[in-house]
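Take a look at the structure below.
What follows draws every value from the coordinates through simple rules; no lab data is involved. Source: prediction; values computed, not measured. Note that we place each Cβ from the backbone using ideal geometry, even for glycine, and neighbour counts take in every protein chain shown.
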Amino acid sequence: MTIPAQAQDAPASPAARFAGVLEEVVVMAQKRSENVQDVPVAVSVMTADMIRESGMQTIKRLTDLNPSVSYDPAQSFQRSSLKIRGIGTVGNSRSFEGAVGVFVDGVYRPRTAMGLMDLLDIERLEVLRGPQSTLFGKNTVAGAIALESVAPNNAETGGYVEGRAGNLDSRYLTGALNVAVNESAALRFAAVYNERDGTFESPDNGNQYDTIDRYGLKAQLLWEPSANTEVRMIADYAKSDANCCWGSAQILNGPTSPLIALYSSLNGLSFTPAPDAERTRSESLNSESGELIEDAGLTATIIWRWADKTLTSITAYRDWEHSQIDADADFTPADLFVLSEPADIESFSQEFNLALAAGERIDLLVGLYYGVEDYASERSVENGADADNYLNALISADLGAVACLPPVVTEDCVFPVGIGALLPNGQFSREIYRQDSTSLGIFAHATTGLSDRFDLVTGLRYSIEDKDGGVDVLFWYDSPIARAALAAAGLPDDGTPRNGLDLIGTVYSPSFETDIRDQVVTGTVSLQYRPRDGLMFYGGYHRGYKAGGVNLWREGVITDTTYDPETADSFEVGLKADYWDGRARTNVAAFHTEYSDLQINFFTGLEFRTENTGKASSN
């Protein structure tokens, strides 16, 4: 149900609708209003009406509407990622920046997940494919998704309300109110509420996982003190209090599945193996997993215009908090591991853009970007009642003692049972992770008219990234029995805490502090050719960059405490054509992108590793 009270997009004229002429779509892909058919970039755009008609609630839905975009969920919502043309941030690292940059009202969101809340009163959504380095405040290697809120309107007062309902008892309500204060000022208020039952359900107690329970608020002020000055303030807040990530289906029965099933039975819970788990979407967990997300921000945009020049200032502060609470980290009904991980990301950014005409044939944009980010999180892991016995059974089986199984585990076990010999019945580890980042970018982007039909587009950017951080290992359970076993195997007993996980390769890792600094030059060059109105050919080269960082894992000191930047070199050609008297449109692009020092975070089964793994390509 939609009740419109204010138009969101200007409709086509009756003559145009009758003739079937395609409407002109305006984008800001090059920081100025242009027909999308005149932009030498592979870009897709969705207007407010298109977003509403598609039923899209978050940009995760782009995976259904745009074949070049995909979304990868992660064990933690904060480490979810978007991909464009098959390339994105790969892995579960806390410190990774997004290969696909998300920009909301011109402001960069340091983590992809910070842009995944409900779309609230959005006027335009643009998807730019390929490296972006000379137009946005932050460099990206795979592309950018730019969203722009509906601006307040000082000409009229009105609003809209929209409600939806669907399966899984989903309930969605959103709306906005525009208030024209006077000829120079306007206010706009918007809100959204979204709730849905879970997609996974426990066969034992009916608990649901992967639920939705969130809301968002946005307030804006537009003030035009003079004909040449515009001030726009945006304040927003969103909250999600649901379990997003812990429902999962077992699609393959591994070698430990029979052991997990045995512990599940002893705990009075059901273990659903593959393929039934995926078919019935059944998942039984032994803890009440929860997740809380709070996202708040303030953006101030000031525009000064004089003669043929426009200076834009974008100042933003954001605070994003994410907490996983009592999460069942082993995803099974066996009582093994319970994880709690609160995280807080505070960011501040300041960007200046100066657009001007340098002569009769050159449109120039010069920009300066400064940003800081403070990341802090904590992780504590508690072992459940089955953890010590489970690990003992695995180690004993590897040594041939296959009878070390519950409930009778007093015989044929390599280590004593029931006294916390390897792992405790309680907290196992606790760490603090932190990273402070400072970004500085100076960039310029120019469109030069070589003739009436040829344009040359060039851009250059110089970036400096400073990051420092580390991991504080506050607690690691110490088992004298495990220390003695490692000493017997030849590892000197120097008093370092050891436990059962050390015996299988996940060894104690001491605290560390480190820093990294990158200085990179990136850029773009392309040529446009317009043989006639409504037809454009373009081709060029683009270089993007994603900063390195600190490896924020407890195991980082064992592997590498830092990782290097990732770069992308992309070659692209394309055409954009309107024909059949404006009633048909075809856009085609061919590209080849080489990624160097690709940043990958992967789990070996025992520990997390972050590495620069070499090269990758996308075509």
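Of note:
- Looking at the stretch 359-452, none of the trypsin sites (Lys or Arg not before Pro) sits in a DSSP loop with at most 10 other Cβ atoms within 10 Å of its own Cβ.
- Part-to-part distance (alpha-carbon centres) for the stretch 123-192 and the stretch 563-599, which is given in Å: 26
- Tensor-based shape of the stretch 60-133 (alpha-carbon gyration tensor, a/c under 1.5 rounded, otherwise prolate or oblate): rounded
- Ellipticity estimate at 222 nm from DSSP helix runs (n ≥ 4, -39,500 (n - 2.57)) divided over the chain, nearest 500: -2500 deg cm²/dmol
- Within the chain, longest stretch free of exposed GluC sites (Glu not before Pro) [DSSP loop, at most 10 other beta carbons within 10 Å]: 412-619
- The Cβ shell under 11 Å around SER270 holds other residues with a net charge of -3, Lys and Arg each +1, Asp and Glu each -1.
- Modelled spin labels at ASP466 and ASP436, positioned 7 Å past Cα toward Cβ, are 0.9 nm from each other.
- Taking 0.36 nm per residue of separation and subtracting the Cα-Cα distance, full extension of the segment from GLU294 to VAL402 would add 34.1 nm.
- Cleavage-rule hits (chymotrypsin sites (Phe, Trp or Tyr not before Pro)) in the stretch 201-281: DSSP loop, at most 16 neighbouring Cβ within 10 angstrom: none
- Selected from LEU65, ALA334, LEU292, residue furthest toward positive end of dipole (the chain; charges at beta carbon): LEU65
- Restricting the stretch 497-582 to chymotrypsin sites (Phe, Trp or Tyr not before Pro) in coil, as DSSP defines it, with at most 16 other Cβ within 10 Å: TRP580
- A dipole drawn for the chain from +1 and -1 charges on Cβ atoms has a positive end, and of LEU22, PRO492, GLY548 the residue lying farthest that way is LEU22.
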